[in-house]
Amino acid sequence: MPTLRDTIAEDLRTQITAGHLKPGDRLPSEPKLATHYKVSTPTVRQALALLQAEGLIEKSHGKGNFVRAPLRRITYRGGAGIPFSPDLQTTIRTATVRARGHLRTLLKVPPNTLLTEFHCTTYEGETPRSVARIYIPRDLASAAQLSSSSWPGGRDTDRTETQETVTARLPTPEEATALRISLTRTVLTITRIALNSTGRVLEAALLAFPSDAADAVFTTHPTLKGETDR
């Protein structure tokens with residue numbers, strides 16, 4: 001049996017999908033919604049949290065809840081790195097960190113090895129679409145560049161293998177803040193490791209996208225018969 005929270009969320013969801021509440025419209029205040037639905041304010045907040053998790057509304061602190069405009073889906077293409085597009089803008093910050101914990105494991109380096117961290121956030125207009133943290137051993141990062149065709153760390157010709165792991169999970173508080181999403185909204189995460197011919201890790205990248213507005217595409221090129229004999 002639907003709870004009061006679910007009933008309120010369904011009514012507002014129907015108004016949004018039917019176009020009665022349009023993108024950019026401000027919802028009535030929580031006290032007004034509570035009076036309208038004859039429920040407590042906490043119940044209204046729970047209903048709004050469901051809609052935030054679905055990406056239908058967003059909360060602007062101090063201003064209220066607003067209907068979100070539908071986001072164009074973006075596509076992560078395996079092996080291509082951060083999604084670049086004329087419609088997307090990327091901000092990049094760099095820092096020096098030491099390899100500890102999972103970073104040491106990902107990069108296969110001794111403890112406290114100096115790494116260069118690239119913290120990248122991709123926007124469509126003012127809306128964050130993806131976040132990424134890219135880690136490279138300092139001895140490889142002195143001339144690192146970030147472009148649509150190459151990631152930092154080593155030349156493309158140095159790369160002989162790329163390993164990518166895709167996971168759907170709840171965001172960390174840091175990811176939720178950067179992407180401006182609810183902690184209950186699923187993110188698509190990709191861990192990307194690039195290695196050279198000796199097995200050395202050239203870079204480790206950790207990417208996160210709101211899963212309801214992103215696709216991941218991986219293309220396999222099978223070896224043609226006879227190529228292995230050349």
Qualifying residues in region 98-140 (those that are aliphatic (A, V, I, L, M) and farther than 20 Å from I190 by Cβ) - the one surrounded by the fewest Cβ atoms within 10 Å (Cβ to Cβ) = L114
The number of residues in region 153-194 that are out of contact with any Lys or Arg (no Cβ under 7 Å at 6 or more places or on another chain), part of a strand (DSSP E or B) and among the hydrophobic types (A, V, I, L, M, F, W, C) is 5
Any pair with Cβ under 6 angstrom, 6 or more apart, that starts in region 166-193 at a residue that is on the phi < 0 side of the Ramachandran plot and ends at one that is part of a loop (DSSP other than H, G, I, E, B) = A168/T186; A176/L183; V187/P171
Name the residue, out of E227, E175, E203, that is among the acidic types (D, E), touching a Phe, Trp or Tyr at 6+ places or on another chain (Cβ under 8 Å) and either surrounded by fewer than 19 Cβ atoms within 10 Å (Cβ to Cβ) or modelled with pLDDT of 85 or more (or both).
-> E203
On the given criteria, is H102 farther than 19 Å from A208 by Cα and out of contact with any strand residue (DSSP E or B) (no Cβ under 7 Å at 6 or more places or on another chain)?
-> no
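The values are calculated or read from the model by the stated rules, or taken from the named source; none is laboratory data. What you see is a predicted model, and the numbers here were worked out from it, not measured in a lab. Glycine also receives a Cβ, built like all others from the backbone with ideal geometry; neighbour counts cover every protein chain displayed.
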